[in-house]
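The values are calculated or read from the model by the stated rules, or taken from the named source; none is laboratory data. Note that this is a predicted model, so its numbers are computed, not measured. Quick reminder, even Gly has a Cβ in these numbers, built from the backbone with ideal geometry, and neighbours come from all protein chains shown.
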Amino acid sequence: MRNLKKIVSSAIVLVMVFSLLCINAYAYDANDLTNSAYAHYASSTIGGAANHASDNDYTLFVADPASGGWWHSNAGQSQWIAIDFGATNSKKISKLNLLSGAPGYGGNLKDFKLQASNDSTNGENGTWVDIYSKTNNTDQVNTWQTFEFNAPSTAYRFYRIYVTATWNYNYVIITEWEMMESQIQTPNAPTNLTAVGSNSKVDLSWTASTGATSYNIKRSLSASGQFTTIGTSTTTNYTDTTVTNDTTYYYVVTAVNSGGESPNSNVISVTPTNKGNRAILVITMTNGIVKEYDMSAAEIDAFLNWYDNKENGVAGTKSYFPIKKNYNVKPFLNRIDYIIFSKIQDFEIKDYNA
């Protein structure tokens, strides 16, 4: 039998409250077990030995409600069971193994949530965030079920299973549950997010994040958020067709893998509009000189994004904007005007279709 270290309730306490009955229980930490990053070690009489194959992608934390028994309640719905990992031991959980229900009693979970908190003191109070939700779960009594999901971007000290419905109203029964923290590193934030607006749509693109398997695209009507996820992509581009012309939108992108979600990318703003595919940009400089440039819609949007970012003091925005001239180039390789932000008095855009 593998050597497991049982952490006493003063270190990690599994808190269970149902009706008026409270039971102390314990958690088991398998971090120090060789080649056991993903394995189940049952401490009750149900299960016995390892129930899952090894998987080096995850670190396992086993919660056993009671020695040789169950966590149960006959109060039916809206019950919870919580675990405290400790003040300096927060986790980013991304997998849940669950053994619920009992032969002859039912009590298997139908609807439930895995929630997390960093300010609870008893498993009930505090602010709880939904990490994963399941509705109409398969009715499998006393059978291991596995639920995988994206890890939260924040590590949490407290986790709980909050039950809202069971297949037998009279009982909520959880025999054992396991929480998994991925050992895969969370990807870095995507970089170089750009946006091009056109008639009722916005085209986004960004630089890939190493290790990312997908990206979450988030949008807001304010540069400071709150940003709401509007879609996902497995590539480094996305088209948002749920926009309204002449409304300014702000976007960020996050990178995701089984280790969790990255921080936000840079914020980009764009205003879709029903305009032509080209435009004449007329810039009046502070010395009175007027400059005109025939540019594509994408080039105009790039200029506007640069101007807005510079005006708003966005870090890393250059003090100049390069505009390449495509006429009278020879004998030179390129002709590029560098427009200095502080030298612009005003500008005008004249749309047209080519």
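So the values come out like this:
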{"quantity": "Any hit, segment 336-354, residues being of a type outside the set (Phe, Trp, Tyr) and at positive phi", "calculated": "no"}
{"quantity": "Pair list, Cβ under 9 Å, 6 or more apart: segment 140-166 residue on the phi > 0 side of the Ramachandran plot, other residue crowded, with 16+ Cβ neighbours inside 10 Å and part of a strand (DSSP E or B)", "calculated": "ASN142/LEU99; ASN142/SER100; ASN142/ALA102; ASN142/ILE173; ASN142/THR175"}
{"quantity": "Scope segment 227-285; condition part of a loop (DSSP other than H, G, I, E, B) and among the basic types (Lys, Arg); matching residues", "calculated": "LYS275"}
{"quantity": "Pair list, Cβ under 9 Å, 6 or more apart: segment 239-262 residue closer than 11 Å to ALA189 by Cβ, other residue basic (Lys, Arg)", "calculated": "VAL252/LYS218; VAL252/ARG219; VAL253/LYS218; THR254/LYS218"}
{"quantity": "Condition check for ALA354: in contact (Cβ under 8 Å) with a residue 24 or more places away in the chain and more than 29 Å from SER224 (Cβ to Cβ)", "calculated": "yes"}
{"quantity": "Test for ALA151: is it at pLDDT below 85, in a loop (DSSP other than H, G, I, E, B) and not aromatic (Phe, Trp, Tyr)", "calculated": "yes"}
{"quantity": "Cβ-Cβ under 8 Å pairs, at least 6 apart or on other chains, segment 309-332 side under 27 Å from THR248 (Cα atoms), far side in a loop (DSSP other than H, G, I, E, B) and among the hydroxyl-bearing types (Ser, Thr, Tyr)", "calculated": "ASN309/THR317; LYS310/THR317; LYS310/SER319"}
{"quantity": "Subset of segment 171-207 [surrounded by fewer than 14 Cβ atoms within 10 Å (Cβ to Cβ) and in contact (Cβ under 8 Å) with a residue 40 or more places away in the chain]", "calculated": "GLN185, THR191, ASN192, ASN199"}
